[in-house]
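**Q** Can you read through this structure? Questions will come right after.
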Amino acid sequence: MVLTGMLISTVLLATDPYKYTVDITSVQDDKIYVELQAPRVKKKEIVFYLPKIVPGTYAIADYGRMVSELKAYDKKGRELTVERLDDNSWKIQNAKKLRKIGYWVEDTFDTNKEGPGIFQPAGTNIEEGKNYIINTSGFFGYFEGMKKQPFEINFVRPLDFYGATGLRPVVEGGLAGKISLEATTPSADNAAVDKFEVSDYDRLVDSPLMYSKADTAIVRVANTDVLVASYSPNNVVSAKEIAATMKEVLEAQSKYLGGKLPVDKYAFIFYFTDQPVTSYGALEHSFSSLYYMPERTIAQMNQQLRDFAAHEFFHIVTPLNVHSEEIDNFDFNDPKMSQHLWMYEGMTEYFAGNVQVKYGLITPDQYLQKMRGKIIQASGYNDTLAFTVMSKNTLDKHANQYGNVYQKGALIGMALDLKLRKLSGGEYGTQELMAELSAKYGQSNAFEDDELFGVITEMTYPEIGEFFAKHVAGGEPIPYTDLLATAGVDLTTGGTTEVYSIGISQNTITLAQHNDKQMLAIANAGGLDEFGKALGLLDGDILYKMNGKEIPGLSELNSFMGAQIQNQPNLETFSFTVIREVDGEKKEMVLSTANEKITASLPLGLSFNANATPEQLALRKQWLEPKQ
Ligand SMILES: [Zn+2]
């Protein structure tokens, strides 16, 4: 890998691209300056946008909030009139004269700005002299009606920094000497320029970068060069270690996909944090995925790393190669959601587990435990809400059900796989289905959202159409017991037991900002157990005290809760002090109830039936072992 020196390749852009320059060598007040040499605008006035949302996150981000002091200039450097319309858009007057726009961008990782929290893998980071996460949606905008034009992006970076990305640079380590921006001038001695070109705004948003001192490794898997880049602030884990564990997963994935990976270059970009985390994860792109995870040793995070990486990489199948029009023609500022999260996220998550058991990375018993976990987790969500309806409304009404895509979504994948294999005598399962759909559509042909179930039914069996109608487009729960029995797997539930409850669980709480502090809040009151309901907790309640004791910050939360639970049998009444908004005013109130045990179901179990019939054994083999 070249760190400095010139590397010129021959991507030529059509005339009149957007030309962006970002100077990461000059950070001021935690902000970076971005300058755009604008393409020719043919209208009298034009709106400049940063995205409200990007593909794959299924949540509003409002990236424009991070932009300040946006100014527009004509050829002679005179300022044009700019009106900020809302968080994400600016109207520019006299736009035919527009030549240049400049603005400052702050990062999302440590912002105090009001508005939605941005999932870090889709966010931006400016840690001066250490690390820069450039999710391009947080730095670069587009003009109304002009997102299909090419983009040229220049990064002025410190000499010893490396830009990890799935893009191929047009120039790597070019001279910074001639660059002078409206607000900064990089020092030519200590800076270099990397230049990238992409065909349009969609491709730009699909291409994150991470700048830091290089810690990279390259592995070759089948036909693909895979770059692993890591930023571990305390050097707890290295790119080389990650690459070694990833290689095995990717080799299994290439076999799962028929012996070849669908891209020739791919980048896994890892940012590890030593700060306390409330959530972490990754986001997929066509040629890369970006990970935000707590900094731990390779041994501590090995399995999770594999699960995450397998999931993100399989997104190359869907939505990247099989998707609906809503995603193909993605509207960054007025998004329309598709009904098919069961496929984009659910099938992807199902594949990420199934590939590991098929190629021996986990044992069949471990795999059953994974699926068991998903059945249990899914039971915390609304099981009679049709998945298509949830999917369509995931930005607003059903946002609190989104997490079920990784649980029930994957179980829909499993159900389809077992059903298809049963109907086809083992020959045809979800692997074959997704391969056929990829061949039919691919990256540039979208399906119509309403037609997908019909298309799949046509390709397969009428019974599959019935399954979709009942269990995906309808609200009928999936009969897991009968379904798993076809592969000789017993699902057991062991009756009920009496336990103490604290009323809340992972599925019913979220984090809320209150007086500059992150506090627990109720997010899914409908999912509370009978104790939580008896307490009278409501959505939006911020949890301030538990049995009179102030609930501490996140880093001490586990030990606090542990002590509370231990002491619970000694209590006569149990209480939460909450902060609740009443008629627009925040009020503190104590909610209490008698501290009595509630009836809870005993945990569900999955096990292989030792007396399975030859037919069940055959299906089990087709489900969990590679095709011979
Ligand atoms: Zn995903």
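**Q** Work from the charge dipole of the stretch 53-142 (Cβ charges, +1 for Lys and Arg, -1 for Asp and Glu, about the Cα centre) and give the residue of 59, 135, 104 farthest towards its positive end.
**A** The residue sitting most towards the positive pole is 104.
**Q** Follow-up. How far apart, in nm, are two points set 7 Å out from the Cα along the Cα-to-Cβ line at residue 220 and at residue 450?
**A** 5.0
**Q** Moving on. Just by accessible area at a 1.4 angstrom probe, what is the order of 334, 383, 583 from largest to smallest? Before the final figure, lay out each step's value.
**A** Values: 334 85, 383 50, 583 150 Å².
Ranking 334, 383, 583 by accessible area, largest first, yields 583, 334, 383.
**Q** If one computes the Cα centroid of the stretch 251-269 and of the stretch 98-168, what distance in Å separates the two points?
**A** Using only Cα atoms to place each centre, the spacing works out to 28 Å.
**Q** Next up: Within a Cβ distance under 14 Å of residue 48, other residues only, what is the Lys/Arg minus Asp/Glu net charge? Provide the component values of the computation, followed by the final result.
**A** Numbers: positive: 43, 52, 71, 84, 91, 99, 100, 147; negative: 35, 45, 69, 83, 86, 87, 144.
Taking every other residue near residue 48 into account, the sum is +1.
**Q** Follow-up question, since we're still on this one. Among 394, 579, 610, whose Cα lies farthest out toward the positive end of the dipole of the chain, if unit charges sit on the beta carbon of Lys, Arg (+1) and Asp, Glu (-1)?
**A** 394
**Q** Considering the dipole of the chain built from charges on the beta carbon (Lys and Arg +1, Asp and Glu -1) around the Cα centre, which of 465, 377, 484 is farthest to its positive end?
**A** Looking along the dipole axis, the top candidate is 465.
**Q** Compute the FRET efficiency between residue 615 and residue 363 as 1/(1 + (r/R0)^6), taking r as their Cβ-Cβ distance and R0 = 22 Å, and round to the nearest 0.05. Don't skip to the end; give the middle numbers.
**A** Working: r = 23 Å, r/R0 = 1.05.
For residue 615 and residue 363, the calculated efficiency is 0.40.
**Q** Lys and Arg at +1, Asp and Glu at -1: add these up for the other residues within a Cβ distance under 12 Å of residue 599 and post the number. Numbers along the way, then the final one.
**A** Numbers: positive: 597; negative: 498, 529, 530, 596.
It works out to a net charge of -3.
**Q** Evaluate the charge dipole of the stretch 219-326 about its Cα centre and quote only its size in Debye, nearest 20, assuming +1 on the Cβ of each Lys and Arg and -1 on the Cβ of each Asp and Glu.
**A** Values: 8 positive and 12 negative charges, 77 e Å.
About 360 debye.
**Q** Under a Cβ-only charge scheme (Lys and Arg +1, Asp and Glu -1), can you give me the dipole magnitude of the stretch 426-481 about the Cα centre, in debye to the nearest 20?
**A** Numbers: 2 positive and 11 negative charges, 29 e Å.
Dipole of the stretch 426-481, to the nearest 20 debye: 140 debye.
**Q** Once the Cα atoms of helix 408-423 and of the chain are each reduced to a long axis, what angle between those two axes, in degrees from 0 to 90 to the nearest 10, is obtained?
**A** 70
**Q** Counting Lys and Arg as +1 and Asp and Glu as -1, what is the net charge of the other residues whose Cβ lies under 12 Å from the Cβ of residue 236? Don't jump to the answer; show the numbers that get you there.
**A** Details: positive: 296; negative: 215, 241, 274, 295.
Local charge sum for residue 236: -3.
**Q** First obtain the Kirkwood hydrodynamic radius of the stretch 384-481 from its Cα pairs, then insert it into the Stokes-Einstein equation at 10 °C and 1.306 mPa s, and state the resulting D in µm² per second as a whole number.
**A** Numbers: Rh = 14.4 Å.
After rounding, the answer is 111 µm²/s.
**Q** Tell me, how many Å apart are the Cα centres for the stretch 535-595 and for the stretch 395-469?
**A** Using only Cα atoms, the two centres lie 42 Å from each other.
**Q** Given a Förster distance of 25 Å, report the FRET efficiency between residue 175 and residue 30 from their Cβ-Cβ distance, rounded to the nearest 0.05. Could you put the intermediate results ahead of the total?
**A** Working: r = 28 Å, r/R0 = 1.11.
Taking R0 as 25 Å, the efficiency between residue 175 and residue 30 is 0.35.
**Q** Sort 222-230, 340-348 by the packing proxy (mean of other Cβ within 10 Å over each peptide's residues), most packed first. Show your work: numbers first, answer last.
**A** On the way: 222-230: 19.9, 340-348: 27.3.
By packing density, highest mean first, the sequence is 340-348, 222-230.
**Q** For every helix of n ≥ 4 consecutive DSSP H residues, a contribution of -39,500 (n - 2.57) applies; sum these over the chain, divide by its total residues, and give [θ] at 222 nm rounded to the nearest 500 deg cm²/dmol. Don't skip to the end; give the middle numbers.
**A** Values: 15 runs with 154 residues, N = 628.
One gets -7500 deg cm²/dmol as the mean residue ellipticity at 222 nm.
**Q** Taking only protein heavy atoms into account and a 1.4 Å probe, give the accessible area per residue of the stretch 457-512 in Å².
**A** On the way: 2700 Å² over 56 residues.
Here the residues of the stretch 457-512 average 48 Å² of exposed surface.
**Q** What does a probe at residue 575 reach in the stretch 540-556, counting residues whose amide N is under 20 Å from the point 7 Å along Cα→Cβ?
**A** 541-552
**Q** Another question, if that's okay. Which distance in nm do the two modelled labels at residue 235 and residue 566 give, with both placed 7 Å along the Cα-to-Cβ direction?
**A** 3.8
**Q** To continue, here is another question. Output the relative contact order of the stretch 38-156, whole-number percent, from Cα pairs under 8 angstrom with separation of 6+ residues. It would help to have the intermediate numbers written out before the result.
**A** Values: 211 pairs, mean separation 35.3, N = 119.
Dividing the mean separation by the residue count of the stretch 38-156 yields 30 percent.
**Q** Which order do the peptides 460-471, 434-445, 352-363 take when ranked by the mean count of other beta-carbon atoms within 10 Å per residue, highest first?
**A** For the peptides 460-471, 434-445, 352-363, the packing ranking is 352-363, 460-471, 434-445.
**Q** Once you have the Cα-Cα distance between residue 82 and residue 331, take 0.36 nm times their residue separation minus that, and quote the gain in nm to one decimal. Before the final figure, lay out the partial values.
**A** Numbers: separation 249, 0.36 × 249 = 89.64 nm, distance 2.32 nm.
Result: 87.3 nm gained on full extension.
**Q** Sticking with this one: Sorted by average packing, counted as other Cβ atoms within 10 angstrom per residue and highest first, what order do 403-409, 305-311, 522-528 take? Before the final figure, lay out each step's value.
**A** Numbers: 403-409: 24.0, 305-311: 21.9, 522-528: 19.0.
Result, highest mean Cβ count within 10 Å first: 403-409, 305-311, 522-528.
**Q** Then there is this: Quick one: length gained pulling residue 470 to residue 304 fully straight, 0.36 nm per residue minus the C-alpha distance? Don't skip to the answer; put the middle values down first.
**A** On the way: separation 166, 0.36 × 166 = 59.76 nm, distance 3.31 nm.
Value of the extension gain: 56.5 nm.
**Q** At 1.4 Å probe radius, can you tell me the per residue accessible area of the stretch 332-385 in Å²?
**A** Per residue, the stretch 332-385 has 32 Å² of solvent-accessible surface.
**Q** Hey, another quick one. So for the stretch 287-365, considering every pair of alpha-carbon atoms, how many percent are separated by more than 18 Å?
**A** Working: 1640 of 3081 pairs.
It works out to 53 percent of all Cα pairs.
**Q** Another question about this same structure. Evaluate E = 1/(1 + (r/R0)^6) for residue 16 and residue 277, where r is the Cβ-Cβ distance and R0 equals 51 Å; express this FRET efficiency to the nearest 0.05.
**A** On the way: r = 43 Å, r/R0 = 0.85.
The formula returns an efficiency of 0.75 here.
**Q** With a cut-off of at most 11 other beta carbons within 10 Å, and DSSP calling the residue loop, which trypsin sites (Lys or Arg not before Pro) in the stretch 83-179 qualify? Please list them.
**A** Details: sites: 84, 91, 96, 97, 99, 100, 113, 130, 147, 148, 178; in loops: 99, 113, 130, 147, 148, 178.
Sites meeting the loop and neighbour criteria: 148, 178.
**Q** Ratio of alpha-carbon Rg to the 2.2 N^0.38 Å globular estimate for the chain, to two decimals, please.
**A** Working: Rg = 26.0 Å, N = 628, 2.2 N^0.38 = 25.4 Å.
Rounded to two decimals, the normalised Rg is 1.02.
**Q** Would you calculate the separation in nanometres between label points at residue 486 and residue 251, each defined as 7 Å from the Cα along the Cα-to-beta-carbon direction?
**A** 3.3
**Q** What percentage of the solvent-accessible surface of the chain, computed with a 1.4 Å probe over protein heavy atoms, is contributed by carbon and sulfur atoms? Please list the in-between numbers first.
**A** Details: 12950 of 27190 Å².
Accessible surface attributable to carbon and sulfur in the chain totals 48 percent.
The values are calculated or read from the model by the stated rules, or taken from the named source; none is laboratory data. Not measured: the values here are computed from a predicted model. Positions of Cβ are backbone-derived with ideal geometry, glycine not excepted, and every protein chain shown enters the neighbour counts. When the accessible area is computed, the model is the full protein with side chains, heavy atoms only, and any ligands, DNA or RNA have been set aside. Shrake-Rupley method; radii C 1.70, N 1.55, O 1.52, S 1.80 Å.
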